[in-house]
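As C-alpha cells, the structure follows; a few thoughts come after it.
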Amino acid sequence: MEIEFKVVCIDASNKPNDIPNNKWVKKDETYTVVNAEFMNMQNRLLGFELAEIDLSGCFPYTRFVASRFRPFTLDDAAAISAVEDLLKEFDYV
C-alpha cells in the first residue's frame, strides 16, 4: 500500500549485522513512511519502507518493522517549531 506519513523511531535496537550502520534507523529521529506491507519472512509483521533509508542490497531486509516507530504528532511539530524559533532568536541558524 503506497502512502506517506511521518513517524518517530522509538526502537533502534537489535540491528542485524547484514545492515550497515548508515542504513539503520536512529532513535528519536523522524522518518517518512512511503510504503507499508506485511513481511512474509517475518511472520507477516507490518513493515515500513522509509524515504530516508534505502535498504536495497540488504536482502532479506527490505523494510523496518512498524513497531520500531510511533506516529509523528502535532506535539512533535510544535516542539520542532519552538526549537527552530529559539535557534533563530539566538542566530544559530
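For residues in the stretch 22-40 being surrounded by fewer than 11 Cβ atoms within 10 Å (Cβ to Cβ) and more than 11 Å from C9 (Cα to Cα), which is nearest to the chain's Cα centre (by Cα)?
N22
All but one of (1) at pLDDT below 95; (2) of a type outside the set (A, V, I, L, M, F, W, C); (3) surrounded by 11 or more Cβ atoms within 10 Å (Cβ to Cβ) hold for P16; state the number of the condition that does not hold.
Going through (1) at pLDDT below 95; (2) of a type outside the set (A, V, I, L, M, F, W, C); (3) surrounded by 11 or more Cβ atoms within 10 Å (Cβ to Cβ) one by one, P16 breaks only (3).
Just to be sure, is Y31 hydroxyl-bearing (S, T, Y), outside any helix (DSSP H, G or I) and closer than 29 Å to A79 by Cα?
yes
Residues checked against (1) loosely packed, with under 10 Cβ neighbours inside 10 Å; (2) in contact (Cβ under 8 Å) with a residue 40 or more places away in the chain; (3) not charged (D, E, K, R):
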{"residue": "V7", "(1), (2), (3)": "no, yes, yes"}
{"residue": "P20", "(1), (2), (3)": "no, no, yes"}
{"residue": "N43", "(1), (2), (3)": "yes, no, yes"}
{"residue": "F69", "(1), (2), (3)": "no, yes, yes"}
{"residue": "L86", "(1), (2), (3)": "no, no, yes"}
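Filter the stretch 54-66 down to the residues that are farther than 14 Å from K15 by Cα and touching a residue at least 12 places away in the same chain (Cβ under 8 Å) and list them by number.
D54, A66
The values are calculated or read from the model by the stated rules, or taken from the named source; none is laboratory data. Only a predicted model underlies this, so the values are computations on that prediction, with no experimental measurement involved. Neighbour counts run over all protein chains shown; Cβ positions are idealised from the backbone, glycine included.
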